[in-house]
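Here is the structure we will look at, set down as structure tokens.
The values are calculated or read from the model by the stated rules, or taken from the named source; none is laboratory data. Quick caveat: nothing in here was measured; it's all calculated off a predicted structure. Counting neighbours? That spans all protein chains shown, and the Cβs are built from the backbone with ideal geometry, glycine included.
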Amino acid sequence: MSRSLSRLNPSGMKEFFFGVPYYPEHWSEKEREKDPELMKNAGVNVVRMGEFAWDMMEPSEGVFDFSFFDDQVDRLGAAGIKTFFCTPTAAPPRWLSEKHPEILRVGEDGGVMQHGSRQHACTASPVFIEYSRRITKAVAEHFADNPNIAGFQTDNELNCHFQWCHCDSCTKEFRKYLRLKYKTIEQLNKAWGNSFWSQTLSDFDQVLIPKHFAPTHHNPGAMLDYRLFSAWTVTRFQHEQIKILRSVNPGWIIFHNGIMRGVDYRGDFSAELDVLGFDSYPHFCADTDKRPGVAAFSYDNVRAMAGCFIVPEMQAGAGGQTNYFNSLVVPGDIRKNTYRAVGHGADGIMYFRWRTCRFGAEEYWRGIIDHDNIPRRRYQEMASIGKEIKNFSSFVLGSIPENEVAVGCGDYIADQIHETYSLGMPDIYSVASEVHNYFYSRHYFVGCAHPADDLSGLKLYILPHWEYVSGEWVENMKKWVSEGGVLIIGARCGTKTVQNSVTSESFPGVLRELAGVSVYDYGKVYMDVPKTYSFSVGGSVFPAFHWFEELEPDPGTRAVGIWTERPYAGRCAVTMRKFGAGTVFYAGTYLSGALAEHLSTISGVELTHFDLPSNVEIMRRRGNGAVTTFVINNSDDVVDVSGILDSGRVVVGENSGEVPPDGVCIFRCDL
Ligand code: GAL
Ligand code: ZN
């Protein structure tokens, strides 16, 4: 099975799952006695279970015991609550690391990861993969016909704490991977440019995983291939589990929970899942003004990778581990955080975690219920959301978030090409999130899209600074522009090849023809020195950010932005050209939201946006015969959205359209 990963894809969920990750293994029978009833009263219809309990399921090698979990699944089932079970491979038991210490991950400094936390086993290790297959098979076969099992989560947040392994298995597997990819060592030498600094290899067995322990910088081709290999091993690890789960019960919903570094979620990793999960912890951002924008961007980024999503872990309380504790979850936050996620495409929500655990590395991670087993305000808040969700879940489930503006996101290769050769420039995501936030806080319908995705429905697409852009993506963007789209391309796009080397074409490489411009000179602009550069576009002056390019427009391309400072005064900074029914801008500096908005005005494109205070959020989902609008008021004042309500019917909030501070209004218009 392989699913298309368009942002226009619905999640495919048939029911809106509402629940919690549940850890019955941490509690006595007495302490968890009332759980099914309490959950049911809060609207829970699903729990997630088992991801860290391998030691209970296989207490010694080959001895399986699922009786404890059978009992929990049955008791919840009797209350009408289904279970997503998990493959427990995020926390391999001690007998395994004792018997096979070679499965332990190794850091860049050669340090072997000790048993005692989690994620200590290498997902590239053939020995660990074999054990992972065995436990997956055992757990899947055990629950095969259990009607209370809705499906499975694979592992847990693969790569969350550790991404780049240097164990012996990784070196061996990396060599195998390169053999398959390049066939001959000569091809590898050519691809990496090994004639530079005498790096020519005569055999694949000479390949090393690049480490920081070198006098100076490593070969960028080698670094990139290692990052691609590493992500490929994570996909392979998960694939082995999915194959077993699907063969045992093809009806199960299978998902994973991200988003972490070093995983290519837009590749086979997500295409094999029924839905990608995104674990949302908005309170890692302590700045309450920035938090909505940061969270909104994170959801849109997931959609650029794999379409609509579920949230297997939604923050339910302020939490921490041994050396940190994140910002307060104040009354109303759970509700606002929930509806922001749903407004951005979440088709299921589970609150992390049901009850605050009193021991282990997350002692103070506050769940829905406190450590003393008393349901307080957070439980009440969840229960009221559980009721409200029923007012709209039937028509919101499977509907698509509306976007007229999108920022390029979601490509693993482009991201890694930047990470392994950044020149000290801001990364792809920091610029994308700044631009996204600008439009979001001004109440445009903004999202994120991969340049290979179906861009229909978008009016404005902004590709920030992707050094790597593939020719296929250019063809896709060309088609969309020729049909009327407005494209803004940021400096440095298209300058690199898929091998992490510099293109032989004039910049912007593969985008030269579409943008109708070439770069004559370029360099870095230091933001912390007095000398900066500015340019004027139609009477407005903008500062250069981080980078400077002197552009030469092709015939037919207009110079709409002009550098204003000596010695480049009068030279071209921004171009614009008509392409079919659409428009292409190229900016010779790093983009800001303000510049992108200004260029969109020059293009004449008409974008929907609302005149609301900046700390009010608005999002929309379309489908199932309805357009559903979500308004969240983060301000201290009542906000009146009755003017926007139009003929809409309020399904959550005040019918008058008045939204109190920290309040929410959700309304439906028929399509
Ligand atoms: C997630 C993880 C959970 C828990 C939570 C709070 O990243 O999946 O198991 O650790 O964070 O720290
Ligand atoms: Zn390894």
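Within the stretch 79-106, residues that are modelled with pLDDT under 95 reach no partner that is in a loop (DSSP other than H, G, I, E, B) and within 16 Å of ligand 2 (Cβ to nearest atom) with beta carbons closer than 9 Å at six or more positions or on different chains. Number of residues in the stretch 104-131 that are within 14 Å of ligand 2 (Cβ to nearest atom) and of a type in the set (S, T, N, Q) equals 3. Evaluate the following for ALA383: is it under 30 Å from PRO220 (Cα atoms) and either of a type in the set (A, V, I, L, M, F, W, C) or free of Cβ contacts under 8 Å to residues at least 12 places away in the same chain (or both)? It is false that ALA383 is under 30 Å from PRO220 (Cα atoms) and either of a type in the set (A, V, I, L, M, F, W, C) or free of Cβ contacts under 8 Å to residues at least 12 places away in the same chain (or both). For first residues located in the stretch 512-532 and closer than 22 Å to PRO555 by Cβ, partners that are among the basic types (Lys, Arg) and assigned to a strand (DSSP E or B) and lie 6+ apart or on another chain with Cβ distances below 8 Å form the pairs ALA515/ARG577; GLY516/ARG577; VAL517/ARG577.
Candidates SER117, SER132: the one that is modelled with pLDDT of 95 or more and part of a loop (DSSP other than H, G, I, E, B) is SER117. Would it be correct to say that HIS256 is farther than 23 Å from ALA406 by Cα, within 16 Å of ligand 1 (Cβ to nearest atom) and not in a strand (DSSP E or B)? No.
If the Cβ limit is 6 Å and pairs must be 6+ apart or interchain, which residue in the stretch 143-160 that is more than 16 Å from ASP71 (Cα to Cα) pairs with which residue that is of a type in the set (Asp, Glu) and buried (at least 22 other Cβ atoms within 10 Å of the Cβ)? Listed pairs, sorted by first residue: ASN156/GLU51. Taken over the stretch 417-452, the criterion of being more than 27 Å from MET223 (Cα to Cα) and out of contact with any strand residue (DSSP E or B) (no Cβ under 8 Å at 6 or more places or on another chain) is satisfied by GLU434, ASN437, TYR438, SER441.
Picking from residues in the stretch 651-671 that are free of Cβ contacts under 8 Å to residues at least 60 places away in the same chain and crowded, with 18+ Cβ neighbours inside 10 Å, the one that is farthest from THR608 (Cα to Cα) is GLY653.
If a residue must be within 19 Å of SER603 (Cα to Cα) and among the hydroxyl-bearing types (Ser, Thr, Tyr), how many such residues does the stretch 547-576 contain? Final tally of qualifying residues: 2.
In the stretch 297-329, the qualifying residues are those that are farther than 25 Å from PHE445 by Cα and in contact (Cβ under 8 Å) with a residue 60 or more places away in the chain, and the one that is surrounded by the fewest Cβ atoms within 10 Å (Cβ to Cβ) is GLU313. Criterion applied to VAL63, VAL112, VAL106, VAL127 was being surrounded by fewer than 22 Cβ atoms within 10 Å (Cβ to Cβ), touching a helix residue (DSSP H, G or I) at 6+ places or on another chain (Cβ under 6 Å), closer than 30 Å to VAL234 by Cα and of a type in the set (A, V, I, L, M, F, W, C), and the one residue passing it is VAL127. State whether the residues of the stretch 375-383 include one that is away from ligand 2 (no atom under 16 Å from the Cβ), of a type outside the set (Asp, Glu), part of a loop (DSSP other than H, G, I, E, B) and farther than 29 Å from PHE439 by Cα. The answer is yes; a qualifying residue exists. Determine whether the stretch 184-198 contains at least one residue that is assigned to a loop (DSSP other than H, G, I, E, B), surrounded by 14 or more Cβ atoms within 10 Å (Cβ to Cβ) and touching a residue at least 40 places away in the same chain (Cβ under 8 Å). Scanning the stretch 184-198 turns up at least one residue that is assigned to a loop (DSSP other than H, G, I, E, B), surrounded by 14 or more Cβ atoms within 10 Å (Cβ to Cβ) and touching a residue at least 40 places away in the same chain (Cβ under 8 Å). I'd like to know if the stretch 462-469 contains one or more residues that are surrounded by fewer than 21 Cβ atoms within 10 Å (Cβ to Cβ) and of a type in the set (Asp, Glu). The answer is no, given that none of the residues of the stretch 462-469 is surrounded by fewer than 21 Cβ atoms within 10 Å (Cβ to Cβ) and of a type in the set (Asp, Glu). Cβ separations smaller than 8 Å between residues 6+ apart or across chains give the following pairs from the stretch 47-60 residues that are over 14 Å from THR83 (Cβ atoms) to residues that are within 16 Å of ligand 2 (Cβ to nearest atom) and of a type in the set (Val, Ile, Thr): TRP54/THR89. Taken over the stretch 152-172, the residue count meeting the criterion of being touching a helix residue (DSSP H, G or I) at 6+ places or on another chain (Cβ under 8 Å) and either more than 16 Å from ligand 2 (Cβ to nearest atom) or part of a helix (DSSP H, G or I) (or both) is 5.
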